[in-house]
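To start, the structure itself, in structure tokens.
Just so it is clear, none of the values below were taken in a lab; they were calculated from the coordinates. Fair warning: this is a prediction, and the values are worked out from it, not measured in the lab. Virtual Cβ from ideal backbone geometry, glycine too; neighbours counted across all protein chains shown.
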Amino acid sequence: MLFRLAKHATRILLITLAGGFLALALARLAPGFGVDEREFDSRLSDETRAAIRQSHDSERNIFRFYFIWLRGVARGEFGVSPSLNQPVKQLLAERLPVTAKLLAWGLVVGWGLGFGLAVPLAFVSGRAYELGANAIATLFLCVPAAVLALFFLLTRSPSAWVVGLVIFPKVFRYARTLLRQTATLPHVLTARAKGLSSMRVFLWHYLPPAAPQWLALVAVSLSLALSAAVPVEVVCDLPGIGQLAWKAAMARDMYLLVCLTGIVTLATVLMKSASELLGESLRVRA
């Protein structure tokens with residue numbers, strides 16, 4: 001057990017470090033790196049423009065920049081955002097609660113809709129219901145999150161519903177497939193043959209054996225929610241992590257980009273590792 005935990009911890013650390021470095025590499029290689037919009041101010045002197053260019057010198061060598069940033073993280077320092085002129089730690093502390101609330105409600109809405117539509121298909125074989133549920137899921141799968149956010153902004157509806165509607169099609173399709181596969185397993189057929197109620201069969205024979213798969217779906221949902229949070233927060237002007245990521249990308253703010261990428265990568269890999277550990281634990285007990 002300790003070996004498995006160490007293996008997963010090592011993988012989480014390496015993937016998180018790789019994710020942060022790739023974010024730096026993409027920002028460094030993007031067109032226009034090192035160009036600061038402040039340089040276009042005609043009121044500035046040549047010396048001031050030269051000082052602005054010199055302020056980006058530390059970001060040109062991404063290996064050195066990343067090493068210095070990691071050394072600061074070890075001391076609890078995440079650097080100062082040059083575009084917003086604030087400590088990254090302070091920006092995260094102010095904006096994380098906004099995004100956390102948005103994601104929490106979005107996951108509730110997305111899972112409620114997706115799971116709620118998928119469960120009846122495990123017990124009812126109505127063709128019309130299945131076609132209708134598939135049509136609804138396909139519709140929201142095709143609509144971009146920014147378009148949904150704009151519609152909800154104009155109608156003054158809760159923005160968390162946008163995140164939920166982005167998650168909902170994936171949850172529905174995966175849950176539908178998983179429930180159908182579970183319905184054909186021997187222990188489920190045996191429980192039904194014994195005359196157990198549908199609710200008891202569902203709670204005790206459908207859900208627990210597929211717990212790792214459900215947890216993996218939660219990890220996927222979280223990734224989708226984080227990606228949807230960017231256009232939602234930008235369009236709806238919510239001061240969260242998604243809006244901060246957009247501002248960091250526009251300004252090529254290296255300190256914010258590496259930190260935010262690391263947070264998203266860490267959250268995704270943690271959920272994936274948790275699902276795998278749970279699956280391994282259940283197999284050992286079996």
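Worth a mention:
- Put simply, of Val73, Val163 the only residue that is over 28 Å from Arg200 (Cα atoms) and within 20 Å of the chain's Cα centre (by Cα) is Val163.
- Residue match in the range 94-110 (condition: in a loop (DSSP other than H, G, I, E, B), out of contact with any Phe, Trp or Tyr (no Cβ under 7 Å at 6 or more places or on another chain) and hydrophobic (A, V, I, L, M, F, W, C)): no
- Flag if Arg176 is crowded, with 17+ Cβ neighbours inside 10 Å, assigned to a helix (DSSP H, G or I), of a type in the set (Lys, Arg) and more than 21 Å from the chain's Cα centre (by Cα): yes
- From the list Gly126, Gly116, the one residue that fits, being surrounded by 13 or more Cβ atoms within 10 Å (Cβ to Cβ) and not aliphatic (A, V, I, L, M), is Gly116.
- Residue satisfying all of: in the range 149-160; free of Cβ contacts under 8 Å to residues at least 24 places away in the same chain and either touching a helix residue (DSSP H, G or I) at 6+ places or on another chain (Cβ under 9 Å) or aromatic (Phe, Trp, Tyr) (or both); farthest from Gly110 (Cα to Cα) among these: Phe151
- Test result for Val163, in a helix (DSSP H, G or I), surrounded by 14 or more Cβ atoms within 10 Å (Cβ to Cβ), in contact (Cβ under 8 Å) with a residue 12 or more places away in the chain and out of contact with any His (no Cβ under 7 Å at 6 or more places or on another chain): yes
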